[in-house]
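Peer 1: One structure is given below, represented as structure tokens, and several questions about it will come after.
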Amino acid sequence: MKKRKIYYLTFLILVLVLLFSCATQQDLSQQQLELKSLQARMNRLEREVNKLKQESKSKVSEATILAEIDNLKTEIKMLSNSVDEYKDLITRQNREWEDFRSNIEQRISNLEAKKVPQTVTAPPTVHKPTPPVSSVPTTIPPTKPLAPDKKLYNEGFAAFKKGNYKLAKGKFREIIKKYPTSSLADNAQFWLAECYYREKDYENAILEYEKVIKNYPEGDKVPDALFKQGMAFLALGDKIDAKLLFNKVIKKYPSSLQAEIAKKKLLSIK
């Protein structure tokens, strides 16, 4: 009897163990499935996050490239103005040379017309000696040298075009100091500021542009100086002052090239 009970209890225990083992195995399988599902979801989310990051980087890169292109366009337009100014300077020099050459040719023609022929037929009743012909020098005088301020300006501008900003700054400063009333003084002040801007010394560039605005308020370089001041502030990360200056250019010189560029710059600033 006791043996039967022992067998019976043993059988029950084995059944319970098997049932518990099956239940545990099912739970483990279920958990493994859920874990795999979560792992798959996490992998998918990671892929989506990486995709978003790549898209974000792409957008930032595109924005950076567009900003660089816009800056290059601005520099090209400013350089075009410089080329036009240089062409005007060459045109003025050519005109002066043409005037000088015409004057010399006229003087030579006048001298040739005044020459007396060496053989003169005398009247039959009067015998007068032929008067000696005075010797007139026909040497063409040397070309008139350029005015000192123009010479300095040409040298400074040539150095600027070659990227020798140190030499250019010295020439432009000399014009401003020695010839403050020269018609080239405001241009010299502007290109002095441009030298600092090209050297990425934006603080000094802003100060020198300010001198163009304050010292030569009626000069034709004021719109350029205002705009480039804004560009210098923008390069320093000061968007507020940059916007103020761009708006000032648009308000004071609405039909200028600088106003047109300033409008585009305002749209690109966020």
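The values are calculated or read from the model by the stated rules, or taken from the named source; none is laboratory data. In this text the structure is predicted, and so the values were computed from the model without any measurement. Glycine gets a Cβ as well: all are built from the backbone with ideal geometry, and neighbour counts include every protein chain shown.
Peer 1: Kindly provide the set of residues from segment 259-270 that are of a type in the set (G, A, S) and buried (at least 17 other Cβ atoms within 10 Å of the Cβ), ordered by number.
Peer 2: A259, A262
Peer 1: Tally time: how many residues in segment 242-258 are under 22 Å from Q189 (Cα atoms) and surrounded by fewer than 22 Cβ atoms within 10 Å (Cβ to Cβ)?
Peer 2: Summing the residues that are under 22 Å from Q189 (Cα atoms) and surrounded by fewer than 22 Cβ atoms within 10 Å (Cβ to Cβ) in segment 242-258 gives 5.
Peer 1: Moving on to the next point. Name the residues in segment 237-270 that are of a type in the set (D, E, K, R) and either under 17 Å from E210 (Cβ atoms) or assigned to a helix (DSSP H, G or I) (or both), would you? Step through it out loud before you land on a result.
Peer 2: Residues of segment 237-270 that are of a type in the set (D, E, K, R), as a first pass: 238-239, 241, 243, 248, 251-252, 260, 263-265, 270.
D238, K239, D241, K243, K248, K251, K252, E260, K263, K264, K265, listed by residue number.
Peer 1: Report whether or not E210 is in the same structural domain as Y153 (by TED's automatic domain parsing), modelled with pLDDT of 95 or more, surrounded by fewer than 21 Cβ atoms within 10 Å (Cβ to Cβ) and part of a helix (DSSP H, G or I).
Peer 2: yes
Peer 1: Okay, moving on. For the subset of segment 176-207 comprising residues that are without any contact (Cβ under 8 Å) to a residue 24 or more places away in the chain and β-branched (V, I, T), which member is surrounded by the most Cβ atoms within 10 Å (Cβ to Cβ)?
Peer 2: I176
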